[in-house]
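Everything on this sheet refers to the single structure shown next.
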Amino acid sequence: MVEGPERVALRRSAAAAPAWLTRSRLWGWVLLALLYYGSARFGYAFGFSGPIAAIVWLPVGVGAAFLIIGGLSFWPGALIGDLLADQYTAIPVWGAIGQTIGNLLEVIVIAAVVREVMRRWSPLESLRGVAGMLAGICAGTAVSAIVGPLSLAASGGLSIGSVPHVSWTWWLGDTCGGLLVVPLALAWSRQPRLRLTPRRAVEAFVALAVIGGLSLIAARGVTPAYLVFPILAIVAIRFGARGATTAVFFSVAVVVWGETDRHGHFAVNSFAPSVLKTQLFIVVLAISSLVATALVTERGAALREMRAFEERAFTAAEAERRRMERDLHDGAQQRLLALAIRLGLNAREATTPTLQRVFAETQGQLHQAIDELRDLSHGIHPSVLSELGLANATRSLAGRSPIPVILVELPTQSGDPDSQAAAYYILTETLANAQKHSGASSIRVRVSADGAGLHVVVEDNGVGGATETAGSGIMGMRQRVETFGGSFALESPAGVGTRVTAVIPARVS
Amino acid sequence: MQVLVADDSPVFLEAAVAVVEASPGFEVAATCRSLARAVEIAGEARPDLVLLDETMAGASPGDAAGQIAAASPQTFVIFVSADPRPFEGTAPLVDKRTLSPTTLTDLWRERPSVQP
């Protein structure tokens, strides 16, 4: 899965070219011209490009990728490369020059569109980015596929009648070149170095071997080429943009090699129907692989964002609980306590039995209010936890229970404050429920901590039959635990007793 | 008896002062709103008694009592708490709501005798 920082790095590469490239513009031109010319010669040499059109025209991808990563100002490199690559013996000079102009416009259009797209979206890791990149490639190659054949026709290098057919092949061949090289270059130009564990390296090797094998038997015409699709989908999922673009390039290289091996060198006039099939195969393969990669990456990123959001929301809620507890403790609680004391002082002045009774009743009510407030504030966030830790707070809770509580196990270390608070909340709720409803004669409490988190088990030997209804305290406990990503279980067979089990996973802060 | 009342809640501090003033034989020597200040005052004024808010005393009330004792060995410490819970140490702990002249004088009478 592709990690977040890579997305950032990839976007940044649109704005900032590598340092070595910006240092000398001239060297950039020379380098681009060589790469462009080299990839054209490579195509001629292996017979998948002809003087007119190609099965796959790699230079368009090389040129566009260079301008996308380095900047549009490197366009003269593409011009020089294309002029060098023109096969002047096969086509009229003016036609060649017209074709070169078309090719130059082509890479500039693609680069301009993709750079614009990259200002907003990652071109490989978001669906919008992929769509934008595809649109850019299709538009740019269309320019070349119109200008090139027309100028050849105008210079007499091509009959007017064959222009539509040549244009179509031209467009597909250039689009294939763009689709193969641009995403590949973008995926590998990003900052983070490739780091493969031995296991991942073996996985990558096996995947490439399987893709190579399937492509090879497909190229021999033994099996349909689309057998490679599932493997490419797996690679996209497992290895992200780099894996997917590399795998597609590799598969296409094998298939195209097989195509030229079987049908001889590509020439637009001896164009076999199988060329169209191969081109469409490349387009479909590249697009579906890009879309799969973007989908997987987007989903991964969305999931990470959601988790981060949940984490923040949870932390904020716990902080709010602590704040409320502090406010209650420092404010209303202290004021009521002060009132109780002053009432006690004044009660001594009460001389008549009626007055004494009124004072006693008022004091009773006041003490009840203080108790309720104390319980409320405990439920919100028990300050006892921050002071005593979970084990001692549980002892103190057990000490206050009217039903005898057996502490089977208490944790030696408590974990983070938030999970402690959740565990303590479970304890207070279950003990309160047991006291109110169970009629039990004893309660067993077990709280343990391990690497996975806090485990809380509370069992009573009461009447059982507790159910989890909406809005109940039990539902509240489940929700509190589940916001932690923990688990909660209630077993309460009638006549046997009630057991509550909660697991609160340790939180990494 | 000279009493130091230490509590970080101003509202409760006032009420506690009223209780001390209403207790025969007791008078308020000083008040303060933090443990550090309480230890300081104990060292200077050597009160007979400190009413110390347990929450304010921090994580370990036993330690807080020890600090007062170090500053003024003769001083008797009574903890008061809004939410009384058992803790390590020998100092008595009073639920804030039950603080009255009676509890104060009772605890004072029953204090362990301190060897000079």
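The values are calculated or read from the model by the stated rules, or taken from the named source; none is laboratory data. Not measured: the values here are computed from a predicted model. As a convention, Cβ positions derive from the backbone with ideal geometry for all residues, glycine included, and neighbour counts pool all protein chains shown.
Scanning region B:1-23 for residues that are more than 9 Å from every other protein chain (Cβ to nearest Cβ), buried (at least 17 other Cβ atoms within 10 Å of the Cβ) and under 18 Å from B:Ile68 (Cβ atoms) yields B:Val3, B:Leu4, B:Val5, B:Ala6, B:Val20. Each residue in region A:481-495 was checked for being assigned to a helix (DSSP H, G or I) and either over 36 Å from the mean Cα position of the chain (by Cα) or surrounded by 19 or more Cβ atoms within 10 Å (Cβ to Cβ) (or both), and 1 of them qualify.
Checked against the criterion of being more than 14 Å from chain B (Cβ to nearest Cβ) and either outside any helix (DSSP H, G or I) or at pLDDT below 85 (or both), the candidates A:Glu325, A:Glu259 yield just one match: A:Glu259.
Within region A:341-369, the set of residues being away from chain B (no Cβ under 12 Å) and either assigned to a helix (DSSP H, G or I) or within 30 Å of A:Gly415 (Cβ to Cβ) (or both) comprises A:Pro353, A:Thr354, A:Leu355, A:Gln356, A:Arg357, A:Val358, A:Phe359, A:Ala360, A:Glu361, A:Thr362, A:Gln365.
Among the residues of region A:218-256, those that are outside any loop (DSSP other than H, G, I, E, B) and over 27 Å from the mean Cα position of the chain (by Cα) comprise A:Ala218, A:Ala219, A:Ala225, A:Tyr226, A:Leu227, A:Val252, A:Ala253, A:Val254, A:Val255, A:Val256.
Taking (1) touching a Phe, Trp or Tyr at 6+ places or on another chain (Cβ under 8 Å); (2) among the aromatic types (Phe, Trp, Tyr); (3) at pLDDT below 90 in turn, A:Trp94 satisfies each apart from (1). Which residues, taken from region B:58-75, are within 14 Å of chain A (Cβ to nearest Cβ) and either in a loop (DSSP other than H, G, I, E, B) or surrounded by fewer than 21 Cβ atoms within 10 Å (Cβ to Cβ) (or both)? Of everything in region B:58-75, those that are within 14 Å of chain A (Cβ to nearest Cβ) and either in a loop (DSSP other than H, G, I, E, B) or surrounded by fewer than 21 Cβ atoms within 10 Å (Cβ to Cβ) (or both) turn out to be B:Gly58, B:Ala59, B:Ser60, B:Gly62, B:Asp63.
Name the pairs: first residue in region A:308-322 and not assigned by TED's automatic domain parsing to the domain that holds A:Phe484, second residue hydrophobic (A, V, I, L, M, F, W, C) and in a helix (DSSP H, G or I), Cβ to Cβ under 6 Å, at least 6 apart or on different chains? Final answer for the pair search is A:Arg321/A:Ile380.
Scanning region A:272-282 for residues that are surrounded by fewer than 18 Cβ atoms within 10 Å (Cβ to Cβ) and touching a residue at least 12 places away in the same chain (Cβ under 8 Å) returns A:Ser274, A:Leu276, A:Leu280. Of the residues screened, A:Thr469 is one that is farther than 20 Å from A:Ala421 by Cα and at pLDDT below 80. Flag: A:Pro51 matches the condition of being in a loop (DSSP other than H, G, I, E, B) and either assigned by TED's automatic domain parsing to the domain that holds A:Val248 or modelled with pLDDT of 90 or more (or both). Checking each residue in region A:219-241 for being closer than 16 Å to A:Trp188 by Cα and either outside the structural domain of A:Leu295 (by TED's automatic domain parsing) or β-branched (Val, Ile, Thr) (or both) picks out only A:Val235. In this entry, A:Asp460 passes the filter for residues that are surrounded by 22 or more Cβ atoms within 10 Å (Cβ to Cβ) and either under 34 Å from the mean Cα position of the chain (by Cα) or of a type outside the set (A, V, I, L, M, F, W, C) (or both). Can you tell me which residue is nearest to B:Asp8 (Cα to Cα) among those in region B:24-51 that are buried (at least 20 other Cβ atoms within 10 Å of the Cβ) and not hydrophobic (A, V, I, L, M, F, W, C)? Here the residue is B:Thr31. Taking the conditions exactly as written (touching a Cys at 6+ places or on another chain (Cβ under 8 Å) and assigned by TED's automatic domain parsing to the domain that holds A:Gly43), does A:Thr175 satisfy them or not? Answer is yes for this residue. B:Pro47 meets the conditions (1) in a loop (DSSP other than H, G, I, E, B); (2) modelled with pLDDT of 90 or more; (3) within 13 Å of chain A (Cβ to nearest Cβ) in every case but one. The failed one is (3). Screening the candidates A:Arg195, A:Arg190 for the property of being among the basic types (Lys, Arg), under 24 Å from A:Ile69 (Cβ atoms) and surrounded by 20 or more Cβ atoms within 10 Å (Cβ to Cβ) yields one hit, A:Arg190. For region B:93-113, the set of residues classified as of a type outside the set (A, V, I, L, M), within 13 Å of chain A (Cβ to nearest Cβ) and in contact with a strand residue (DSSP E or B) (Cβ under 8 Å, 6 or more places away or on another chain) consists of B:Asp95, B:Lys96, B:Thr103, listed by residue number.
B:Thr55 satisfies every condition listed in (1) in a strand (DSSP E or B); (2) within 14 Å of chain A (Cβ to nearest Cβ); (3) β-branched (Val, Ile, Thr) except (1). Could you look through region A:370-409, keep only residues that are at pLDDT 80 or above and in a loop (DSSP other than H, G, I, E, B), and pick out the one that is farthest from the other protein chains (Cβ to nearest Cβ)? Per the criteria, the residue is A:Ile403.
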